[in-house]
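Reading through the structure tokens given below for one structure.
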Amino acid sequence: MKVAVGSDHAGFEIKARVLEWLERLGHEPEDFGTHSAESCDYPVFAEAVGHAVARGEAQRGVLICGTGIGMSMAANKVHGIRAAVCHGIEAAELSRRHNDANVLCLGARINTPGEIESIVRHWFDAEFEGGRHARRIARMMAIEEAECATAGR
Ligand code: RB5
């Protein structure tokens, strides 16, 4: 599948490896930057990757910053994005199986490269289970719709 990938300076180095791992898993990753280790602002890349996923230009997104937290907060501001910070494989699997996460956020200063590779692999292997979880996702997305309607007034 097409995967939009972005990072800030903290995730810049590991992003190159994430792109390789995704290709090896049979995906089509696209690099949304950043393109150097120079200090930059993570919301820029969270917005770009979030838009690519929300508009269907990519099926999933991967974002990397120091902790994954800022990236997830920013990406979740984009309508239709369910970004999950995953620092371990259990959360990675469950964020797909239960929460239908469409963006994976990683912490380059939290996890080792080996751990990140494993988190990525587990996240892409896991499928949304639907059923009772679909009802909860619908409820979650209804909050977003209602908030946007209120903001548009
Ligand atoms: C950058 O120093 C750092 O704040 C950023 O990478 C990220 O961890 C924010 O959540």
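Read-outs: derived from the displayed coordinates by stated rules, not from any lab. Just so it is clear, the structure is predicted and the values come from calculations on it, not from any experiment. Here the Cβ positions follow ideal geometry from the backbone for every residue, glycine too, while neighbour counts run over all protein chains shown.
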Test: residue 73 is over 12 Å from the mean Cα position of the chain (by Cα), surrounded by fewer than 17 Cβ atoms within 10 Å (Cβ to Cβ), over 20 Å from residue 30 (Cα atoms) and of a type in the set (A, V, I, L, M, F, W, C)
no
Inside the stretch 81-133, can you point out the residues that are surrounded by 15 or more Cβ atoms within 10 Å (Cβ to Cβ), of a type in the set (Gly, Ala, Ser) and assigned to a loop (DSSP other than H, G, I, E, B)?
101, 108, 126
Note on the stretch 53-68: residues within 15 Å of residue 101 (Cβ to Cβ) and over 11 Å from the mean Cα position of the chain (by Cα) are 54, 58
Please indicate, with yes or no, whether at least one residue in the stretch 88-105 is within 16 Å of the ligand (Cβ to nearest atom), out of contact with any Cys (no Cβ under 9 Å at 6 or more places or on another chain) and under 25 Å from residue 142 (Cβ atoms).
yes
So, first residue away from the ligand (no atom under 16 Å from the Cβ) in the stretch 53-73, second residue among the charged types (D, E, K, R), Cβ within less than 6 Å, six or more apart or across chains; the pairs are 58/2; 59/2
Residue in the stretch 34-52 that is farthest from the chain's Cα centre (by Cα), counting only those that are in a loop (DSSP other than H, G, I, E, B) and more than 14 Å from the ligand (Cβ to nearest atom)
36
Here are the criteria: (1) within 16 Å of the chain's Cα centre (by Cα); (2) surrounded by fewer than 14 Cβ atoms within 10 Å (Cβ to Cβ). Tell me which single one residue 136 does not satisfy.
(1)
Kindly check whether there is at least one residue in the stretch 16-29 that is more than 12 Å from the ligand (Cβ to nearest atom), surrounded by fewer than 15 Cβ atoms within 10 Å (Cβ to Cβ), within 17 Å of residue 111 (Cβ to Cβ) and touching a residue at least 24 places away in the same chain (Cβ under 8 Å).
yes
